[in-house]
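The values are calculated or read from the model by the stated rules, or taken from the named source; none is laboratory data. Note that this is a predicted model, so its numbers are computed, not measured. A quick note on method: Cβ atoms are made from the backbone with ideal geometry, for glycine too, and the neighbour counts reach across all protein chains shown.
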Amino acid sequence: MSIFIRFLLFIPLSVLFSSAETESQSFQGKAYYFSKSKMDLGNWGARMSEAQKKQMKSRLKNRLDKTYILSFNNTESLFIEEEKVDAISGATDSWGSNFARGKQYKNVAENSLVQAQEFYGKRFLVKDELQSIDWKMGSETKQIGKYTCFKATAILPSTELSWYNFSWSDLSQNASSTTEKDIKLTQVEAWYTLQIPVKHGPAEFWGLPGLILEVSAGNTTMLCSEIVINPKEREKIEAPEKGKEINKEDYRSTIVGKMLEMRNNRGRRRG
């Protein structure tokens, strides 16, 4: 992990975790995360100069570097991406917002996910079970700020980590035979702390015996930069309610179908 990262993690001295406090319904916390993603330009990148790569990285900064807030209690969490303004155009990333993760509610006691997604002006309410994760618990530890963290690893289907996202290669994969198509897998490495004994984590990650403070999957690493336990200003941790109800698989099919339609319409106009 790069040494440039400065962790701001803290815990108020007055807060002492006890079994009684953990079971209390008044318990609430807020964790701030930022993510760093490596830019993969593939074969196209091999034909680009270093100056062109630098310019491309600058234009894609909002998609490569993001910040999030995870609000949580004992059983529920709400994960929200903070919206950024493009440094070059002064506008938000309208294309990227169509494939960004929406407001995500998880309930670990009920094994339920509710996620609000907006796709080209249409609102969807994705309701499904939480992603099943077979964590392999390790004994390796490290300090993240003032927290002692333990390592855990897992292997997940790549599509399960980005079901709300889209790349043009998805169209060719969708057209191929599902019986012959290889399922791509992603190695996940997580670091969690027993000092905050909740089963929450950022994005699709959850299910460990402590809050996940760092997680790496594919070319993206997500890091917790600050934790506030029992903040003075408490937030309602509630599932979003607006949008057409749909599950993850059907939402994914909707995205791919729409993008295929757009590509075909563009081809007919050129013809």
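Being assigned to a helix (DSSP H, G or I) and under 30 Å from TYR192 (Cβ atoms) is the filter here, so list the residues in region 243-271 that pass it. The answer is LYS248, GLU249, TYR251, ARG252. Per this entry, PRO240 is not counted among residues that are over 23 Å from GLY102 (Cα atoms) and assigned to a loop (DSSP other than H, G, I, E, B). Does any residue of region 181-191 turn out to be in contact (Cβ under 8 Å) with a residue 40 or more places away in the chain and part of a loop (DSSP other than H, G, I, E, B)? No.
Of all the residues in region 119-135, those that are within 17 Å of the chain's Cα centre (by Cα) and free of Cβ contacts under 8 Å to residues at least 60 places away in the same chain number 2. Restricting attention to region 160-194, the residues that are among the polar types (S, T, N, Q), surrounded by 15 or more Cβ atoms within 10 Å (Cβ to Cβ) and modelled with pLDDT of 90 or more total 2. Within region 136-162, the residues that satisfy the criterion of being under 18 Å from PHE79 (Cβ atoms) and in contact (Cβ under 8 Å) with a residue 12 or more places away in the chain are LEU156, GLU160, LEU161. In the set (1) modelled with pLDDT of 95 or more; (2) surrounded by 18 or more Cβ atoms within 10 Å (Cβ to Cβ), the condition left unmet by GLU245 is number (2). The residue that is farthest from GLU129 (Cα to Cα), among those in region 59-107 that are modelled with pLDDT of 80 or more and among the hydrophobic types (A, V, I, L, M, F, W, C), is ILE69. Here the condition is being under 18 Å from VAL108 (Cα atoms) and modelled with pLDDT under 95; of LYS236, LYS232, LYS258, it holds for LYS236 alone.
If you go through region 110-156 and pick out every residue that is buried (at least 16 other Cβ atoms within 10 Å of the Cβ), basic (Lys, Arg) and over 19 Å from PRO202 (Cβ atoms), you end up with 1.
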